[in-house]
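Encoded as structure tokens, the structure appears first; notes follow it.
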């Protein structure tokens, strides 16, 4: 009888790890800054919508009430979808080093020698970091309740979206935590998790539509996919809410069934993570260490081929050491692999399957010649390139700090300029392969004749501006912060805030205020607007390119468009170089 309170106590599943992680999280400024940025962003959305309401020409009465309901509905959709995407991405980032930091500091084996179990380690790490994301979701609930006063938003849609967002966030967090057991570097965990999610949420639906599209209607296929795909499920419920047709809410769209499937998949990942943590801890206790978490030595990474698993002494006997030429740090960054060769092959295969699978699925509808389809491809490739470019440069200096090799590097004769240039060039070398699929896509469709050849040059300008801008800011945040996760989150929030919220929302406010002269300069600063205008001009049979919002086909010719894109690329590149210069000034600050 004395053990009944202990058995019924839910904290026994988390143990002291949960309490320790909460105490550490309460002392981190990044969590408070993240919540403050979230509140400011939501407030900015509400103010922008209210300004657009004030500048409407609707008369008072029923027309004004109907317009208020429409605005509140659109604003709620923006908040729900932005929260849905942002929490999933933050879950991947915040759990990317959950277990790897314990393995790298060799404390995981010590934890297992205490009464703490592997389940308590995993749940303590998971729940303590998910709690920060739940606080972000809770911040938006009062705002959604205020918006609902204007009408147009049913409560069941808000509850459904919250449940779908929560289960998807838990699944992503467990996937990132499980990968952190097997991968040493957080950015490797993030990249592998993103490709796994792209395979599950993009490639599998494409294959399902291609195989079952001729057997049953697309609507039934989408309903089946929505059972395990949170994007499809939330999109279906959003479409049903917008169309206001309750008859479309079939049992296939039952959100409890979808959430049950996602929780079952999360439980499977949890069981695998507990088993992997116990195995890694036992290996560490016995004096063994997995190749992915081998302590880094000054010459262990580059003594021989990084893909072999033989000891370093045997590799030195069978292979010649490579001579260092030029700047040693630059040589190291040039020869440092981003991913293992097997991982690169897996990711390349998944990317090729997703890309060509989408070609086959869309070509059945004869839609590859449409401008909207090609613009969607351009947006996806640019978003993928910006995402990877935001992650990799932000890890260059923080990896040295976490490995305790940063003070040693600063005692060498290398100047701050040498260090920043070497880190920047190494980050650029690792970021360039992510743009290869976009280049192949353009080359294929240029060869077919769907896109004009000048698009390759114009998109090269856009990709160059994004890469240099995010590389410079990544170097700055990597020098500014001590933890890789913090630097990556900051470098990801910068383009999200700038390109996804700030510029579009200010443009919408200017549009509502009938100030079209203010809209054009804003759109010229947006690289995704550049991509849309380029596709609009190059896919159609026109020799003219322009950056005019109202009519993309009338205005500047190709030469003017090239000069305009080169100018804005120069602006983004100059901003990136300035950020790198500021990173150089901060190299010797906050060393320890």
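The values are calculated or read from the model by the stated rules, or taken from the named source; none is laboratory data. What you see is a predicted model; the values in this text were computed from it and never measured. Because the Cβ atoms are built from the backbone with ideal geometry, glycine has one as well, and the counts that use them run over all protein chains shown.
Observations on the structure shown:
- Residue 108 meets each of the listed conditions (1) buried (at least 21 other Cβ atoms within 10 Å of the Cβ); (2) modelled with pLDDT of 90 or more apart from (2).
- When residue 407 is tested against the conditions (1) within 29 Å of residue 101 (Cα to Cα); (2) in contact (Cβ under 8 Å) with a residue 12 or more places away in the chain; (3) touching a helix residue (DSSP H, G or I) at 6+ places or on another chain (Cβ under 7 Å), the lone failure is (3).
- First in the range 194-218 and farther than 14 Å from residue 353 by Cβ, second anywhere and modelled with pLDDT under 75 and buried (at least 16 other Cβ atoms within 10 Å of the Cβ), Cβ under 6 Å, 6 or more apart: 209/361
- Annotation note: of 143, 127, the sole residue that is within 29 Å of the chain's Cα centre (by Cα), surrounded by 14 or more Cβ atoms within 10 Å (Cβ to Cβ), at pLDDT 80 or above and under 27 Å from residue 30 (Cβ atoms) is 127.
- Qualifying residue in the range 151-170 (condition: modelled with pLDDT of 85 or more and within 30 Å of residue 283 (Cβ to Cβ)): yes
- Helices (runs of 4 or more DSSP H) completely within the range 1-97 that count 3 or more residues being surrounded by fewer than 19 Cβ atoms within 10 Å (Cβ to Cβ), more than 18 Å from the chain's Cα centre (by Cα) and at pLDDT below 75: 4-8, 29-54, 62-94
- Test for residue 386: is it modelled with pLDDT of 85 or more and under 27 Å from residue 102 (Cα atoms): no
- Of everything listed in (1) in contact with a helix residue (DSSP H, G or I) (Cβ under 7 Å, 6 or more places away or on another chain); (2) surrounded by fewer than 19 Cβ atoms within 10 Å (Cβ to Cβ); (3) modelled with pLDDT of 90 or more, the single unmet condition for residue 453 is (3).
- Residue among 550, 542 that alone is at pLDDT below 80 and over 25 Å from residue 444 (Cα atoms): 550
- Across the range 494-509, a minimum of one residue is classified as within 30 Å of residue 355 (Cα to Cα), at pLDDT 85 or above, buried (at least 17 other Cβ atoms within 10 Å of the Cβ) and touching a helix residue (DSSP H, G or I) at 6+ places or on another chain (Cβ under 7 Å).
- Against the list (1) modelled with pLDDT of 65 or more; (2) more than 18 Å from residue 421 (Cα to Cα); (3) surrounded by 15 or more Cβ atoms within 10 Å (Cβ to Cβ), the condition residue 332 fails is (2).
- Residue pairs meeting the criteria (Cβ under 9 Å; at least 6 apart or on separate chains; first within 26 Å of residue 90 (Cβ to Cβ), in the range 370-394; second assigned to a loop (DSSP other than H, G, I, E, B)): 392/338; 394/481
- Options 469, 438, 459: the member that is in contact (Cβ under 8 Å) with a residue 12 or more places away in the chain and surrounded by fewer than 23 Cβ atoms within 10 Å (Cβ to Cβ): 438
- The single condition among (1) touching a residue at least 40 places away in the same chain (Cβ under 8 Å); (2) surrounded by fewer than 20 Cβ atoms within 10 Å (Cβ to Cβ) that residue 168 does not meet is (2).
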